[in-house]
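Chemist: Structure below; questions to follow.
FYI, it's all coordinate maths here, none of it is from the lab. From a predicted model like this one, the values you see are computed outputs, not experimental measurements. In this analysis, Cβ positions are derived from the backbone assuming ideal geometry, glycine residues included, and neighbour counts consider all displayed protein chains.
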Amino acid sequence: MSGKNREIERIGDLRLRLLEWYDQNRRDLPWRRTRDPYAIWVSEIMLQQTRVAVVVERFREFMERFPTVNSLACAPEQDVLALWSGLGYYRRARMLHKAAQIVVGDLHGVLPTTAEGLNNLPGIGAYTSAAIASIAHGECVAVVDGNVERVLCRLQGWGASERTAHAASKRNVGAFADSFIEPARPGDFNQALMELGATVCLPRNPQCLTCPLAAECCTLGEHKKPVRPPMSSKEVACALVMRTHRESGFFREELLLEQRLASNSVMPEMWELPPLRDSEVPAQELCMIVRHAIMQVNYFVHVRTVSERDFEGMTDSQGRRSWVSINDASGMALTGLTRKVLSRARLLPKSSRASIAPTPATVVS
């Protein structure tokens, strides 16, 4: 048998093993119960740089609030960001919203059915377009994300440093993925590779003994990886300002929040606790310390309770401020850090984020 024929036989055997494994072991995830391209699109955007366990519940909430591309396109951006709060990387939500408006306004509410057409929408790159087209429409186009890349590199014996150093190596991975995909079940095959990378062929301590591809794997274990740059640390402080406000004969607890400027490069127009001018908070005034990681920075956030009469002199105003009722705050587009602080302070009700609060009207000058 020639070398070419042996490789064809090897690929065919690997495809069969992988799909048999996937059919028996795939996780029951809500977006796998549908072929609706809109739902698959939402799930793929949410899953970028976010753990599956976090996305599952948020996906359900998002689809309940915005069940169709038209409902998403017609919603105010702040409502979309409110449901996205806590998932991070908010540009994803903005691009999803913008693309939905293009689909409704220019494409009669119908998503393109090919990877090439999907790739023209904002926020949809090569990976996402291939995932939607293959899963929803059966297009034979390979998906290459971090999980898939790791599986293929280990299978072929390509080191991590080798594949990340040169664009040519990236092309090799893509070319192999294109030749590896099963034409009869491209959507399932792509999901099977991603599933294998997420549950078995892990970055650390891969479970090789349970891997369906182990017999043909050239690595069998971890491959060389580039050294990850160390996390830096930064201390910041914010104010927790509360008041009891009487309105129409009723008293309600209100919280002071500040909206980031639209010109901010990070999380523009999101709502947060007012930043304190001094990051050093006396121990007796400290409410809590929260660690919050963003990119390569570990933020150690000192939260201080500040009275209504003192907040103007102690905080550094950088945007629009508003008094918001505790019940309304949970439905706003809060930064992940703010939501974490308020949750730990037990100031957020446990109701679903699908109930979006109106934009606050009581503005502090």
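Chemist: In the chain, how many lysine pairs have Cα atoms under 29 Å apart, counting only pairs 8 or more places apart or on different chains?
Modeler: 8
Chemist: Skipping prolines and chain starts, which residues have an amide H placed within reach, meaning under 5 Å, of the one on L240, given they are 5 or more residues away or on another chain?
Modeler: So L240 has HN proximity to R304, T305, V306.
Chemist: Here's another thing I want to ask about it. Multiply the residue separation of T244 and N298 by 0.36 nm, subtract the distance between their alpha-carbon atoms, and state the gained length in nm to one decimal. Kindly include the intermediate steps, with their values, before the conclusion.
Modeler: Details: separation 54, 0.36 × 54 = 19.44 nm, distance 3.40 nm.
Roughly 16.0 nm would be gained on extension.
Chemist: Give, rounded to the nearest 20 debye, the magnitude of the charge dipole that region 87-207 has about its Cα centre when Lys and Arg contribute +1 at Cβ and Asp and Glu contribute -1 at Cβ.
Modeler: On the way: 11 positive and 10 negative charges, 103 e Å.
It comes to approximately 500 debye.
Chemist: At a Förster distance of 35 Å, what's the computed FRET efficiency of K234 paired with Q207, Cβ-Cβ distance as r, to 0.05?
Modeler: Working: r = 37 Å, r/R0 = 1.04.
Plugging the Cβ-Cβ distance into 1/(1 + (r/R0)^6) gives 0.45.
Chemist: Quote the charge dipole size of region 3-216 about the Cα centre in Debye, to the nearest 20; the model charges only the Cβ of Lys and Arg (+1) and of Asp and Glu (-1).
Modeler: Values: 25 positive and 24 negative charges, 95 e Å.
Rounded to the nearest 20 debye, it is 460 debye.
Chemist: Same structure, new question: Set Lys and Arg Cβ to +1 and Asp and Glu Cβ to -1, take the dipole of the chain about its Cα centre, and tell me which of G138, L337, P229 lies farthest positive.
Modeler: Positive-most Cα among the choices belongs to P229.
Chemist: Farthest toward the dipole's positive end in region 232-364, which of A239, P349, T315, given Cβ charges of +1 (Lys, Arg) and -1 (Asp, Glu) about the Cα centre?
Modeler: Looking along the dipole axis, the top candidate is P349.
Chemist: If you place +1 on the Cβ of every Lys and Arg, -1 on the Cβ of every Asp and Glu, and leave all else neutral, what size is the dipole of the chain about its Cα centre, to the nearest 20 Debye? The partial results should precede the final answer.
Modeler: On the way: 45 positive and 40 negative charges, 119 e Å.
That gives a dipole near 580 debye.
Chemist: Collect residues whose amide H, placed 1.01 Å from N in the peptide plane, falls under 5 Å from the amide H of L286; neighbours closer than 5 in sequence don't count.
Modeler: Sorted by chain and number, the residues that satisfy this come to none at all.
Chemist: Something else: Label points 7 Å out from Cα along the Cβ direction at D36 and T199: separation in nm?
Modeler: 2.4 nm
Chemist: Relative contact order of the chain: what whole-number percent is it, with Cα pairs under 8 angstrom and at least 6 residues apart?
Modeler: On the way: 562 pairs, mean separation 59.7, N = 365.
Value for the chain: 16 percent.
Chemist: Would you order K234, K4 from fewest to most other beta-carbon atoms within 10 Å of each residue's own beta-carbon?
Modeler: Details: K234 11, K4 8.
With the fewest neighbours first, K234, K4 line up as K4, K234.
Chemist: Roughly how many nanometres apart are two label points built 7 Å out from the Cα toward the Cβ at M95 and A345?
Modeler: About 3.3 nm separates the two model spin labels.
Chemist: OK, next. Given [x] 23.2; [y] 21.1; [z] 21.6, which label gives Kirkwood radius over Cα pairs in Å as computed from the coordinates?
Modeler: Answer label, from the structure shown: [x].
Chemist: Okay, helix-only estimate at 222 nm for the chain: each DSSP H run of n ≥ 4 adds -39500 (n - 2.57), divide by all residues, round to 500 deg cm²/dmol; what do you get? Please report the intermediate quantities before stating the final value.
Modeler: Working: 15 runs with 156 residues, N = 365.
Calculated from helices alone, the mean residue ellipticity at 222 nm is -12500 deg cm²/dmol.
Chemist: Peptides 24-35, 193-204, 133-144: what's the order by average Cβ count within 10 Å, highest mean first? Please list the in-between numbers first.
Modeler: Details: 24-35: 13.0, 193-204: 19.2, 133-144: 21.7.
Ranking the peptides 24-35, 193-204, 133-144 by packing returns 133-144, 193-204, 24-35.
Chemist: For Q318, what is the net charge nearby, where nearby means another residue's Cβ is under 13 Å from its Cβ and Lys, Arg count +1, Asp, Glu -1? The partial results should precede the final answer.
Modeler: Values: positive: R260, R277, R320, R321; negative: E258, E269, E272, D316.
Surrounding charge for Q318 is 0.
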